[in-house]
Amino acid sequence: MGEVKVIGSSKSLFCTRVEWALKFKGVEYEYLEEDLLNKSTLLLKHNPVHKKVPVLVHNDKPIAESLVILEYIDETWKHNSLLPEDPYERAMARFWAKFADEKCLMGAFMAFWKEGEEKEKAIESALESFTFLEKQIQGKKFFSGDDNIGYLDLVMGWIPFWLNVMEEVGGMKLDDPQKFPSLHEWAQNFIEIPLIKDCLPPRDALVNYFNFSVSYNRSMAAAKQ
Ligand SMILES: N[C@@H](CCC(=O)N[C@@H](CS)C(=O)NCC(=O)O)C(=O)O
């Protein structure tokens, strides 16, 4: 197995998906909590390109970017597969993961911190993206099929918890059971899985973090104008 370390931040959904994958595989690891306002030399050394968490360090070799890390974990510890075997299905899983991060997650972030007309537009665009996820999950218990969670479930895992906090702090609604009944049902099922639930940060700490981040993002945007 070798030595496995995760440089992360406990409130980061990108880091939690990596922890979920390691726990799903039963891989033991050491968690190194990063202060993102005062980044460590270890993080800067291991992720000089993006300077972001998570970074997985396996036998002193660093891997950055959560989606890349999930694939590395799946290829290194082959039991309890996260990605499907079939090449077409694997390609589809990667396609939807990229779509979910680039359109749904980024769309939700924009809807969260923007204001006024820009916020309305961001909500509309995020809702349009969520419609595609609803179609993907229709008729299935999990994104990875009916039997168990997999790569795509971990990638979408921010929806039942982080999105809910973003909605509360940002004053918007995206996870609407009327509009997206299958997605909503999946979210309820996913979050109740003990391995998933046990890794979540305390909700009040996340609310404080998002309150801070909304003011920070708005002040940065104002400074640029
Ligand atoms: N695409 C990256 C995103 C990682 C990311 O945005 N990490 C945030 C924490 S949630 C971070 O390290 N932010 C520090 C910064 O931007 O300076 C991934 O999937 O790993």
Any idea how far the Cα center of the stretch 43-81 sits from the one of the stretch 101-126, in Å?
-> 28 Å
Give the residues of the stretch 150-179 whose amide nitrogen is closer than 13 Å to a point set 7 Å from the Cα of Arg203 in the direction of its Cβ.
-> 160-169
Arranged from highest to lowest average of other beta-carbon atoms within 10 Å per residue, in what order do the peptides 158-165, 80-87, 99-106, 142-149 appear?
-> 158-165, 99-106, 142-149, 80-87
Listed pairs Lys11/Lys140; Lys11/Lys52; Lys121/Lys224; Lys39/Lys98; Lys23/Lys61; Lys11/Lys197 exceeding 18 Å between Cα atoms = Lys11/Lys140; Lys121/Lys224; Lys39/Lys98; Lys23/Lys61
Per the Cauchy relation, a quarter of the hull surface: what is the mean projected area of the convex hull of the alpha carbons in the chain, in nm²?
-> 12.8 nm²
Counting only heavy atoms of protein chains, what accessible area per residue, in Å², does the stretch 87-220 have with a probe of 1.4 Å?
-> 50 Å²
Compute the distance in nm between two label points, each set 7 Å from the Cα along the Cα-to-Cβ direction, one at Glu102 and one at Lys61.
-> 2.8 nm
Grab the DSSP H runs of the chain that are 4 residues or longer, score each as -39,500 (n - 2.57), total them, divide by all residues and round the 222 nm result to the nearest 500 deg cm²/dmol.
-> -16500 deg cm²/dmol
Considering only DSSP beta bridges with both partners in the chain, what is the antiparallel share in %, to the nearest 5?
-> 70 percent
What are the DSSP H helices in the chain that stretch 30 Å or more along their long axis, judged by alpha-carbon atoms, and whose average Kyte-Doolittle hydropathy comes to at least -1.0?
-> 116-137, 203-224
One quarter of the C-alpha convex hull surface, i.e. the mean projected area of the stretch 87-220 in nm², amounts to 8.5 nm²
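The values are calculated or read from the model by the stated rules, or taken from the named source; none is laboratory data. Because the structure is predicted, anything quoted here is derived from the model rather than measured. With ideal geometry, Cβ positions are generated from the backbone for all residues, glycine too; neighbour counts draw on all protein chains shown. When the accessible area is computed, the model is the full protein with side chains, heavy atoms only, and any ligands, DNA or RNA have been set aside. Shrake-Rupley method; radii C 1.70, N 1.55, O 1.52, S 1.80 Å.
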